[in-house]
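Below is one structure, written out as structure tokens, with a few remarks after it.
The values are calculated or read from the model by the stated rules, or taken from the named source; none is laboratory data. This structure is a prediction, so every number in the text was calculated from the model and none was measured. Quick reminder, even Gly has a Cβ in these numbers, built from the backbone with ideal geometry, and neighbours come from all protein chains shown. Each accessible area value is taken on the protein alone, full model and side chains, heavy atoms only, with ligands, DNA and RNA left out. Shrake-Rupley method; radii C 1.70, N 1.55, O 1.52, S 1.80 Å.
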Amino acid sequence: MKPLDRFVALSLGRPLDRLPCVPIVGNTAARVLGVRTAEIRNSGGLLARAHVAAYRRFGYDVVRVFTDLYVQAEAMGAKVRVPEDETAYLHQPAITSADEVDRLVAADPGKDGCLPAHREAIVRVVDEVGDEVPVTAAVTGPFTTASFLVGAEALARLTLRAPAVVRRLCEVSLETALRWADAIVDAGASPSLTDPMLSSTVVSPRQFFDFGLPHLKRLVSHIHGRGKSVTLHICGKTKPVWSLMVGTGADCLSIDNEASLAEAKVAVGDRVRLMGNVPPVAVLFEGDAASVRNAVRACVREAGDNPRGLVVASGCSLPTETPFANIEAMVRAVDEIGWPPRVTEASV
Amino acid sequence: MKDMSQEDVSLLSRLSDAVVAMDGAETVRLSEDLLLQGIDPGRCIEAGLVDGMRRAGDLFEREEYFIPELLICSDAMYAGLHVLQPHLPRGAVERKKGIVVIGVVEGDTHDIGKNLVKIMLETAGFEVVDVGRDVAPAVFVERAESVGAHIIGLSTLMTTTMGAMSEVIRLLDERRARPRIKVMVGGGPVSQQFATRIGADGYAANASGAVAVATRLRQSPSELRVP
């Protein structure tokens, strides 16, 4: 089956050959193409070729155009360091004090930062493989982008000291996210949301409710209005906010390996598809084929029977240097389980 | 210094409460009151500020407080310290459990985790030298040697920078600075498995865990040389 057919069958509750499998490949795609990570970040052509090459090599079920979380914040004035051959990271927030919040304006995906290059990459990937595999592109959520605009620690303090400023930051970040989501849909792909700062490892469910939920709701409903379904990924612990994540309207929750798929299935599995959660570092980066196989089987044992379906995925984006053999082993392990997605203790 | 009255004791517990309640202004006011009452500032710090921060750490551990709450509690604690510390008698700063050089390794600027560990280590009585974020391996080693550190604490949230942690250990070995200087590591992608593999002396999953690890590292005999 083609990846697209798998998702259609999964949605309709029809049998398929195997569960969809999504090792969340980001800069590892550069390794597949044999180029440096800095080269793909701002080149639509290379970014597209890298992701197409990675998809063809591994045969996974979603192509997600992604280099790092900072592309929107950078397009709004945050300073990002781009090492020659490692993942980019935030160098300086866009503003140094909450007083400057009014200086911020939403980004224009047509000209700001590396958004135009990413847009070009999406168009090319869709053109090349869009008829067989879902193509998505990452949209960093408003709260997380806000943290890159003012600094994470400053944002954390502001949630308690000056909530109105946080809302301003989230509003302008939401505007960027809406425009970027539109650009992604216009390019033929689906936006895929990630808002790690809303993790319960960082903020309370109350803060999620106040600062995350309203903006994510608007973002999700906008994307739904464009005819696309939405996956929401939040890193780290999320159990206290699963029902709020469902409340955003997202169709699929991507669960980190810090949280339990089995518990998520019981809590929200009748309302949303689940995605997860093979540990990206301890298993996919540091483990071997056998440990990858075990981890995949554990995921399927926990949530292969999720009422709204399971996508066997990594718990978070893969480290750049994840061994190819482990990515291959992940897809192979899902293949081996086949359909129906059942793992009995005896077969482990 | 006078003896503690029942009222003074209650003032101290109110100081602790003010830290837990994230109330900086109240923390400062109570600290000033306690000084006026002639209560030993060292005692105010221990039984008031540090006690409050420890309780905040417990609430964080129980997931009743989260990072924003913990940061605002620490702001209150430091505001109180600012009032009390100048009144400590000379030589009274002897509650140091050890010196820790701490920072985020090169290639990353996520520093909330590092800052929380710093807060909790200081609360527990360690002297912490913060070298900041995006810090080259050699800088950790040089600073640790120049301040006579017992421990280097390395943090990262990014897998790409984990190699820099091994590099710090390699540099320390090259200078034969271990086991005099111990290394503890932490941060999102870091695990005990990884810490063991690169030869770190300790790993902690969170800020309160870091206090336990640092305390343990200070208790183990540092003179002991493994052949």
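Table for the structure above
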{"read-out": "Relative contact order of the stretch A:264-348, defined on C-alpha pairs under 8 angstrom at six or more residues apart (%)", "value": "39 percent"}
{"read-out": "Protein accessible surface hidden between A and B, which excludes ligands and nucleic acids, total in Å², probe 1.4 Å", "value": "2300 Å²"}
{"read-out": "Gap separating the Cα centres of the stretch A:241-293 and the stretch B:157-187, nearest whole Å", "value": "32 Å"}
{"read-out": "Cα long-axis angle, helix B:207-219 against chain B (0 to 90 degrees, to the nearest 10)", "value": "70 degrees"}
{"read-out": "Cut-off under 5 Å, modelled amide H: who pairs with A:GLY315 long-range", "value": "A:ASN257, A:VAL278"}
{"read-out": "Angle between chain A longest axis and helix A:44-58 axis [Cα atoms, degrees, rounded to 10]", "value": "20 degrees"}
{"read-out": "Mean Cα-pair separation over length for the stretch B:10-110, i.e. relative contact order, pairs under 8 Å, 6 or more apart, %", "value": "35 percent"}
{"read-out": "Centroid-to-centroid separation of the stretch B:22-64 and the stretch B:80-152 [C-alpha atoms, Å]", "value": "20 Å"}
{"read-out": "Whether the stretch B:1-159 is rounded, prolate or oblate, judged on the alpha carbon gyration tensor where a/c under 1.5 counts as rounded", "value": "oblate"}
{"read-out": "Sequence-separation-based contact order of chain B, relative, with Cα cut under 8 Å and 6+ spacing, percent", "value": "16 percent"}
{"read-out": "Of B:ALA177, B:PHE126, B:LEU12, farthest towards positive along the dipole that unit charges on Lys, Arg, Asp, Glu beta carbons give chain B", "value": "B:ALA177"}
{"read-out": "Rounded percent of accessible protein surface that carbon and sulfur make up, the protein assembly as shown, 1.4 Å probe", "value": "50 percent"}
{"read-out": "Helix axis angle, B:162-174 relative to chain B longest principal axis, alpha carbon, degrees", "value": "80 degrees"}
{"read-out": "Per residue accessible area of the protein assembly as shown, 1.4 Å probe, in Å²", "value": "40 Å²"}
{"read-out": "Of A:LEU318, A:LEU219, A:LEU104, the one that fluctuates the most in a GNM where chain A has Cα springs shorter than 10 Å", "value": "A:LEU104"}
{"read-out": "Residue with peak Gaussian network fluctuation, chain A [Cα springs, cutoff 10 Å], from A:ARG271, A:ARG119, A:ARG14", "value": "A:ARG14"}
{"read-out": "Estimated vicinal HN-Hα couplings, Hz - the stretch A:143-159 in sequence order (Karplus 6.51, -1.76, 1.60; Gly, Pro = x)", "value": "5, 5, 4, 4, 5, 7, 7, 10, x, 5, 5, 4, 4, 4, 5, 5, 4"}
{"read-out": "Trypsin sites (Lys or Arg not before Pro), loop per DSSP, at most 14 other Cβ atoms within 10 Å - longest free stretch of chain B", "value": "B:97-174"}
{"read-out": "Whole-Hz couplings from phi, Karplus 6.51/-1.76/1.60, listed for the stretch A:15-22; x for Gly and Pro", "value": "x, 9, 6, 6, 5, x, 10, 10"}
{"read-out": "Top of B:ALA200, B:ALA149, B:ALA138 by mean-square fluctuation, Gaussian network on chain B, Cα under 10 Å", "value": "B:ALA138"}
{"read-out": "Percent of beta bridges antiparallel (DSSP, chain A, rounded to nearest 5)", "value": "10 percent"}
{"read-out": "Distance violations [Cα-Cα > 23 Å] among A:LYS237/A:LYS265; A:LYS2/A:LYS217; B:LYS96/B:LYS118; A:LYS237/B:LYS96; B:LYS118/B:LYS182", "value": "A:LYS2/A:LYS217; A:LYS237/B:LYS96"}
{"read-out": "222 nm mean residue ellipticity, helices alone, for the protein assembly as shown (DSSP H n ≥ 4; -39,500 (n - 2.57); rounded to 500)", "value": "-14500 deg cm²/dmol"}
{"read-out": "In sequence order, calculated HN-Hα J values of the stretch A:183-196 (Karplus, 6.51, -1.76, 1.60; Hz; x Gly/Pro)", "value": "4, 5, 5, 4, 7, x, 10, 10, x, 10, 8, 9, 9, x"}
